[in-house]
Amino acid sequence: MNPSGAVFSPDLIALMRAVLEDASAQLPEAKRTSAIKAEMACHILAAAEKGERDREVLKTLAVGSLVDCSHYSHDISPERRVV
């Protein structure tokens with residue numbers, strides 16, 4: 001299920017999985033749904049496909065994707081918000 005045909009190394013897959021876990025942990029528990037995690041994963045994958053490897057940048061993009069396209073930004077507590 002990879003329309004771009006990108007191939008990711010096991011190390012990069014482990015990094016992306018850890019980033020997704022960290023990013024989803026920033027959300028209130030009620031917002032840690034499969035749909036929201038899938039949305040964040042799509043942004044992580046897209047950035048990784050373009051060559052991004054920085055953990056914090058990937059996490060910021062994942063959480064930021066929710067802020068940009070939804071109403072969930074007000075649900076993330078300020079002290080846990082990624083900037």
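The values are calculated or read from the model by the stated rules, or taken from the named source; none is laboratory data. On a predicted model such as this, the values are computed, not experimentally measured, just so you know. Neighbour counts are summed over all protein chains in view; Cβ atoms, including those assigned to glycine, are modelled from backbone coordinates with ideal geometry.
Just a few scattered comments:
- The set of residues from segment 22-37 being charged (D, E, K, R) and in contact with a helix residue (DSSP H, G or I) (Cβ under 8 Å, 6 or more places away or on another chain) comprises Asp22, Lys31, Arg32, Lys37.
- Identity of the residue in segment 3-29, surrounded by fewer than 16 Cβ atoms within 10 Å (Cβ to Cβ) and touching a residue at least 12 places away in the same chain (Cβ under 8 Å), that ends up nearest to Val67 (Cα to Cα): Pro28
- Subset of segment 47-67 that is aliphatic (A, V, I, L, M) and within 16 Å of Ala18 (Cα to Cα) - its residue that is surrounded by the fewest Cβ atoms within 10 Å (Cβ to Cβ): Val57
- Where helices (runs of 4 or more DSSP H) fall wholly inside the chain, the ranges with 3 or more residues that are at pLDDT below 90 are 55-69.
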